[in-house]
Amino acid sequence: MSKKGIIHIFASSNNTMVLLTDITGAETIAKCSGGMVVKAQHKEGSPYAAMKVAEVVADKARERGITEVEVRVRGQGGNKSNSPGAGAEAAIRSLTRNGLFIKNIENVTPFPHDGCRKKKRYRGKRKG
């Protein structure tokens, strides 16, 4: 019987973090972020960094005997951008390439129920 796990992908515009937990979500098995695989700080959120991060986590999953995973993708959310960053899609593609069977993909980005006010816009974006 194949072991199962949950892969949480947090993809903002500046970084991508991948976390592997057991099926309950309580025990962390492996984690990696963009800053651990690339040297330049401005490349942490790139699809290439996300691909490398997912490779590291997939290797650790295979060491533990995990072959079947659920993927939970999260953007920044709250009163910031609701869409996941560029690294999310690349990370998912890399997981399948590294031999993990993805059962389902779920978007768990938090969204506000009229909570905090958005930050005011930067001066340069005015028209007129």
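Just so you know, in region 10-42 the residues that are polar (S, T, N, Q) and touching a Gly at 6+ places or on another chain (Cβ under 8 Å) include one that is surrounded by the most Cβ atoms within 10 Å (Cβ to Cβ), and it is Thr16. Of the residues Ser83, Ser94, the single one that is of a type in the set (S, T, N, Q) and more than 12 Å from Phe10 (Cα to Cα) is Ser94.
Any residue at all in region 41-48 that is in contact with an Asp or Glu (Cβ under 9 Å, 6 or more places away or on another chain) and at pLDDT 95 or above? Full working, then the answer.
Keep residues of region 41-48 that are in contact with an Asp or Glu (Cβ under 9 Å, 6 or more places away or on another chain), which gives 47.
Of the ones still in play, those that are also at pLDDT 95 or above are 47.
Yes.
What are the residues in region 21-59 that are touching a Ser or Thr at 6+ places or on another chain (Cβ under 7 Å), assigned to a loop (DSSP other than H, G, I, E, B) and closer than 19 Å to Gly5 by Cβ, if any? Passing the criteria: only Glu27.
The values are calculated or read from the model by the stated rules, or taken from the named source; none is laboratory data. All figures in this text were calculated on a predicted structure; none of them were measured in a lab. Note that each Cβ is placed from the backbone with ideal geometry, even for glycine, and that neighbours are counted across all protein chains shown.
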